Amino acid sequence: EDQSDEFKGNEGTLLPLWPFKSEKGKKFSVTAVVFNPIYDDMFAVAHGSYDFLKQSTGLVCIYSLKNPSFPEFTYTTDSGVMSLDFHPEHPYLIAVGFYDGAVAVYNLREKSNTPAYISSAKSGKHTDPVWQVYWQENDLDNQLNFFSISSDGRVTCWSLIKNELQGTDIILIRMQPDNDADSGVGMDLACGTCFDFHKSTDYLFLVGTEEGKIHKCSKHYSSQFLDTYDAHHMAVYAVRWNNFHPRVFASCSADWTVKIWDHNYSEPMFTFDLGSSVGDVVWSPYSATVFGAVTDDGQVHIFDLSQEKYEPLCQQSVVQKKKTKVNHLASTSIILLLLLGMTGANAMTLKLSPNLRKAVREKTYTKENEIAKMEKLLELVREPSTK
C-alpha cells in the first residue's frame with residue numbers, strides 16, 4: 001500500500017505490478033484486453049496491427065496473474081486480431097474479431113490451435129476490420145450468440161449453430177445527411193468503431209462511428225436509430241454504459257475528450273479534455289462515479305466525479321518510451337487492478353492506491369447508494385432546456 005496517500009487529500013497513484021509479454025507477440029501491438037468474468041485472475045490479450053500497410057498474422061494470448069512469465073494459451077491466427085470477448089457464463093469460450101473481417105470462437109478446453117467456429121464469405125463475414133465483439137444472452141432457440149461491429153457499417157449477430165456460425169445483420173449504420181444535402185446523400189454506410197449493450201434493458205445498445213457520432217439503437221428496429229448524438233469531432237474509440245446508473249454512459253474519442261452522457265439528453269453532462277487522443281474509457285466495477293481513461297501520450301487518468309468534478313484524482317504516465325502508446329484499459333471486479341494494453345506487444349497491470357478505492361476500503365457502496373450518488377451529480381449539472 002502507498003502510505004503517502006494519507007498526505008495527498010483525495011489524490012492517488014497507480015502502482016505498476018507486472019508486465020506481461022510474449023516472445024511471439026513482439027512484432028505486434030496490443031489491440032484488445034479483457035478479463036475473464038468468472039476467473040478473475042485470467043485475462044486475454046489480442047495482438048495485431050492498426051497500420052494498414054503492416055498487416056500480417058495475429059496472436060491471442062491467455063494469461064493468468066499467477067504467472068506473468070508465460071501465457072497459459074496462445075493461438076496464432078492468419079489475420080491480425082482486433083477484438084475479443086469472454087463468454088459471461090462459459091469462461092472457456094472466447095469470441096475473436098479479425099482485421100480481414102472474419103469472426104471466430106475459440107474453445108480453451110480443446111487442445112487445438114484452430115477455432116471451433118469461424119465465419120466465411122458464405123456466412124456473410126464482414127468486409128472490413130472487426131473492431132469489437134460482444135457476447136449476448138442465448139437467443140429464443142437457446143443458441144449461443146454474439147454481436148460484432150466493423151468498418152463496413154454493419155452490426156451483425158452471429159449464432160453458434162452445430163458446427164458453423166450463422167450471421168444476421170441487426171442494423172446498418174447509415175451516414176446522417178446534412179439538412180442542406182441532397183436527398184440521395186446519406187445512404188452510404190458509416191464506419192462503426194465500437195458499441196456497448198445496456199446492462200438491464202436487453203434490446204438497447206450504443207454504436208460509435210468514425211465520423212464522431214453515437215447512435216442509440218434497438219435490436220428490434222433495424223432500419224432506424226432511436227437517437228443520434230453529435231458526440232465528437234473525430235472517431236469514437238469507446239462507448240460504455242455505467243455499471244450502476246441505467247441512464248448514464250461514457251464515450252472517448254481521438255478528439256482528446258472523454259464525455260459523460262445521460263442518454264435522455266442530447267448534450268453531454270461532463271466533458272474532459274485530456275490533451276491527447278483517448279484510446280479507451282472504463283467505468284469502475286464498484287462505484288458509479290469512478291472511471292479511468294488512457295491516452296496516446298502514455299498516461300492513465302482516474303476520475304471520481306463525486307469527489308472532484310473537473311480534475312482527475314490521478315494522472316500518471318505509465319510508459320518509458322515516448323513512442324509507446326497506451327491503447328486499451330480493462331478493470332477487474334475483485335482484485336482492484338487495471339490492465340493496460342500498449343503498442344510494442346506489452347500488457348501491464350496496475351494497482352490502485354488507497355485513495356482511488358475508498359468506497360471499497362470503507363465498504364460503503366451498494367447499488368442504491370451508487371445510483372443516488374450519480375443522480376445527485378446529474379441534477380447539479382442538468383439544465384431544464386437541454387433535452
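Some points to look at:
- Gained length - LYS199 relative to ILE38, 0.36 nm times residue gap less alpha-carbon distance: 56.2 nm
- Net +/- balance of residues flanking THR201 in space, Cβ distance below 13 Å, scoring K and R +1, D and E -1: +1
- Model label points for LYS66 and GLU267, set 7 angstrom from Cα along the Cα-to-Cβ axis, are 5.3 nm apart.
- A cut-off under 9 angstrom between Cβ atoms defines the neighbours of TRP135, and their net charge, with Lys, Arg +1 and Asp, Glu -1, is -3.
- When GLU375, GLU11, GLU23 are compared by accessible area of protein heavy atoms, the largest-first order is GLU23, GLU11, GLU375, using a 1.4 Å probe.
- Heavy-atom accessible surface of ARG174, to the nearest 10 Å², is about 80 Å², with a 1.4 Å probe and all protein chains retained.
- Diffusion constant of the chain at 10 °C, which comes from Stokes-Einstein with the Kirkwood Cα-pair radius and 1.306 mPa s, µm²/s: 74
- Efficiency of FRET between LYS54 and TRP18 - r from beta-carbon atoms, R0 35 angstrom, step 0.05: 0.80
- Separation of segment 73-143 and segment 45-61, taken as the distance between their Cα centroids, equals 15 angstrom.
- For GLN166, the shell of other residues with beta-carbons less than 14 Å away shows a net charge of -1, using +1 for Lys and Arg and -1 for Asp and Glu.
- Cα lying deepest toward the dipole's positive end in the chain, options GLY275, ILE371, MET82, charges on Cβ: MET82
- Additional length obtainable on full extension of the chain from ASP255 to ASP128, 0.36 nm per residue less Cα span: 43.4 nm
- Gained length - TYR310 relative to SER218, 0.36 nm times residue gap less alpha-carbon distance: 29.8 nm
The values are calculated or read from the model by the stated rules, or taken from the named source; none is laboratory data. Just so we're clear, the structure is a prediction, and the values are computed from it rather than from any experiment. For neighbour counting, all protein chains shown are included, and Cβ atoms are generated from backbone atoms with ideal geometry for every residue, glycine included. Please note that ligands, DNA and RNA were not included when accessible areas were found on the heavy atoms of the full protein model with its side chains. Shrake-Rupley method; radii C 1.70, N 1.55, O 1.52, S 1.80 Å.
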